[in-house]
Amino acid sequence: MAKREEITNIVISIVLIFIGIFLLIYSHIGNLKAITLLYLVFLIYGLMKIIEYSFSSDKKDKEDLFTGIISLFGVLSSLFFKDYNGQLLISITLVTWVGFMSIIKLIKVDYYHDRNNKMFYINMTSLILFLIIGVLTGINLFFDNTVQVLILGYFFIANGLLNLAEDAIRIIATSENFNIKRKD
């Protein structure tokens, strides 16, 4: 993995964490509906993932491209479902997005498993945690707007931390200067 690609992965993960922190802060001062903020986050996240794919040196790994496309389709769904109940819509939108993202992550897990790559364990753990956090978040979005935005903020912070940990472990594990010495 190229140095520029590693930095891009880390920066995007950190931006996702900051988006979550922004949602936590915004929940007390803002007046936009939670579903509008979710679509805005999907738009930003989708564009960032497509940019991340464009910086990728391995064009065979389409995880970032598919993630960007799924996120942008989430934004396009807002055009069709704008007149529906906001609480139910936000929950269904998020759970559907988490489902599609889990499929994309599962493809990556299978890729690592087929090649006997140790990143299989990291990605599998990340997938399970992402799925649990995503489903629990989707189930708990039936509150008022402020609580919905808070829950989304925590979800995106957790998602950003999972991505950051995954990227950091991959960078450390593939680093040429990384040597693990046993203490005898």
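The values are calculated or read from the model by the stated rules, or taken from the named source; none is laboratory data. The structure presented is a predicted model; accordingly, all values stated were derived computationally and were not measured. In this analysis, Cβ positions are derived from the backbone assuming ideal geometry, glycine residues included, and neighbour counts consider all displayed protein chains.
Remarks
- Criterion (at pLDDT below 85, of a type in the set (D, E, K, R) and on the phi < 0 side of the Ramachandran plot) met by exactly one of D64, D110, D114, D58: D58
- Some residue of the range 134-141 being in contact with a helix residue (DSSP H, G or I) (Cβ under 8 Å, 6 or more places away or on another chain) and free of Cβ contacts under 8 Å to residues at least 24 places away in the same chain: yes
- Condition broken by I107, with the remaining ones in (1) crowded, with 19+ Cβ neighbours inside 10 Å; (2) under 17 Å from E166 (Cβ atoms); (3) among the β-branched types (V, I, T) satisfied: (1)
- Residue match in the range 118-128 (condition: part of a helix (DSSP H, G or I), touching a residue at least 60 places away in the same chain (Cβ under 8 Å) and closer than 23 Å to K3 by Cα): no
- Failed condition for L141, given (1) modelled with pLDDT of 90 or more; (2) crowded, with 17+ Cβ neighbours inside 10 Å: (1)
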